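Worksheet: the structure to be examined is printed underneath.
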Amino acid sequence: MTSDPATAAALATATTLAGCWLWHRRLANRHARESAAAQERFQQQLRHERDEHARLLDSLGDVLLQVDDHAHILAANAAAREWFGQRELVGRPAREVLLDDRLVAAVAHCLSRGTPVRERIVTAQHLWAQNEHDTHGTRAWLVDAARVPAPDGSPSVTRVVLRDVTAEHQTEQIRRDFVANASHELRTPLAIINGYLENLLDDAGVEDPAMTRHFLGIMHKHAERISRIVEDMLVISRLESGEAGTLNVEPFGFRSCALDVIERLEPVIREHGAELRLVTPTGDPRIHGDRFYWTQVMFNLIENSLKQNPRPGLRVEVGCTDEPGCQRIWVNDNGIGIPAADLPHIFRRFYRVQKHHSQREIKGTGLGLSIVKRAVEAHGGTIDVHSIPGRETQFTITLPR
Ligand code: ADP
């Protein structure tokens with residue numbers, strides 16, 4: 001051991017320096033480790049945010065595409081992959097993916113002018129069919145394409161959102177048809193009334209009381225037809241509004257409801273010489289529903305079975321039975337039946353089966369079965385029809401308890 005102070009001092013300095021060096025190294029190592037960990041955390045955060053972002057876009061029901069300035073797809077969400085058949089979309093030209101020329105043109109318009117495009121495009125359903133039964137009709141899209149603001153120097157991106165608005169489009173179409181059909185149905189009796197009024201205003205008509213009465217009788221009949229169409233339209237509109245309180249639900253006996261209707265139709269039954277049977281094999285079932293609408297349902301079905309079949313030997317059976325979990329109500333007749341081609345349409349508003357030439361007079365408003373179907377559905381039930389032309393027609397309602 002040396003006691004030389006210089007050496008001792010040098011040793012002390014060396015020890016201090018070594019300590020410092022070690023300390024620095026440890027510090028540097030710790031910094032390096034911390035920085036690597038921070039880097040890893042940052043990468044993880046980035047991955048997490050990217051995944052979150054993708055999950056968010058995938059959770060959108062709308063199709064979302066991001067497109068570059070050359071109309072190539074940069075990104076697509078799950079809805080896009082689903083609608084465009086799960087094909088690889090990224091990197092492909094939008095024109096190859098979008099299936100319909102007008103969709104392609106809408107996106108091209110936004111890309112070339114840089115201005116947003118928002119329009120409704122109706123395409124053929126077969127382009128989007130997901131199975132071979134799904135090829136009829138049209139599919140409506142709301143296209144919303146706009147350039148996304150990009151930071152300085154970054155290439156610009158255009159986002160294209162396609163929203164499936166087929167259901168709204170169909171509802172609007174049904175409304176348009178309804179207005180057109182209703183106007184048409186009302187115009188005919190109004191034109192007839194106007195014609196007779198013009199005749200009456202002419203002196204010759206007014207001078208002959210018998211003729212005047214005859215004209216007034218015809219006008220009265222057509223005015224009644226107008227008011228029946230208007231009443232039926234109001235009933236349909238109330239049922240379709242789906243507003244709470246539309247139905248006044250209270251239990252009632254099926255037999256008394258059916259007997260009320262049969263009593264009201266007694267003159268028609270007699271006129272047709274028809275035989276009408278009311279059968280309730282499980283006693284008198286209690287229906288939980290709005291008696292007003294059930295009276296309309298029974299009236300329209302029984303009246304149809306009579307007025308559509310004015311031929312001798314007509315038998316009509318009206319029945320109701322309690323079954324496990326449901327009630328079944330039926331109106332069957334052995335009349336002319338309904339052709340198979342018309343069956344899918346008879347519940348549509350204003351739909352009438354083309355009549356034989358001998359049956360030229362229009363007997364109903366064409367709204368009877370639409371009211372029946374809507375009233376049954378408003379009570380949570382379903383209605384089915386089975387018919388063999390020339391032999392029978394059976395309407396069966398199933399009402400869950
Ligand atoms: P309408 O007011 O003309 O009776 P509906 O909606 O009640 O209209 O019925 C639609 C069409 O369905 C009728 O025009 C008729 O051709 C057919 N139809 C309905 N019920 C029967 C039935 N029991 N027998 C034969 N045809 C029927």
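The values are calculated or read from the model by the stated rules, or taken from the named source; none is laboratory data. Here the structure is a predicted model, which is why all the values come from computation and not from measurement. Note: ideal-geometry Cβ built from the backbone for every residue, glycine included; neighbour counts use all protein chains shown.
Applying a threshold of 7 Å to beta carbon distances and a minimum spacing of six or more residues, or different chains, the list of pairs starting in region 219-233 at a residue that is modelled with pLDDT under 95 and ending at one that is among the small types (Gly, Ala, Ser) and surrounded by 14 or more Cβ atoms within 10 Å (Cβ to Cβ) reads 233/182.
Filtering 372, 376 for residues that are away from the ligand (no atom under 11 Å from the Cβ), in a helix (DSSP H, G or I) and at pLDDT 95 or above leaves a single hit, 376.
Checking 267, 312, 281, 339 one by one, the residue that is touching a residue at least 40 places away in the same chain (Cβ under 8 Å), more than 14 Å from residue 372 (Cα to Cα), more than 12 Å from the ligand (Cβ to nearest atom) and outside any strand (DSSP E or B) is 281 and no other.
Within region 242-263, the residues that satisfy the criterion of being loosely packed, with under 11 Cβ neighbours inside 10 Å and over 17 Å from residue 286 (Cα atoms) are 242, 243, 244, 245, 263. Kindly indicate which of 238, 213 is among the basic types (Lys, Arg) and surrounded by 11 or more Cβ atoms within 10 Å (Cβ to Cβ). It is 238.
Look through 40, 34 and report the one residue that is of a type in the set (Asp, Glu), assigned to a helix (DSSP H, G or I) and over 30 Å from residue 78 (Cβ atoms).
Result of the check over 40, 34: 34.
Among residues that are surrounded by fewer than 15 Cβ atoms within 10 Å (Cβ to Cβ) and in contact (Cβ under 8 Å) with a residue 40 or more places away in the chain, residue 113 is not included. Give region 63-115 a look and list any residue that's in a loop (DSSP other than H, G, I, E, B) and over 17 Å from residue 144 (Cα atoms), or say none. Correct list: 70, 84, 85, 86, 87, 88, 89, 90, 91, 92. Residue 200 - would you say it is surrounded by 14 or more Cβ atoms within 10 Å (Cβ to Cβ) and not in a helix (DSSP H, G or I)? Considered against the rule, which asks whether it is surrounded by 14 or more Cβ atoms within 10 Å (Cβ to Cβ) and not in a helix (DSSP H, G or I), residue 200 comes out as no.
Could we say that residue 38 is over 34 Å from the mean Cα position of the chain (by Cα) and without any contact (Cβ under 8 Å) to a residue 60 or more places away in the chain here? So residue 38 fits the description; yes. Of a type in the set (A, V, I, L, M, F, W, C), more than 9 Å from the ligand (Cβ to nearest atom) and either over 25 Å from the mean Cα position of the chain (by Cα) or more than 17 Å from residue 240 (Cα to Cα) (or both): does that describe residue 399? Yes: the conditions hold for residue 399. Tallying residues that are modelled with pLDDT of 90 or more and assigned to a helix (DSSP H, G or I) within region 52-62 yields 0.
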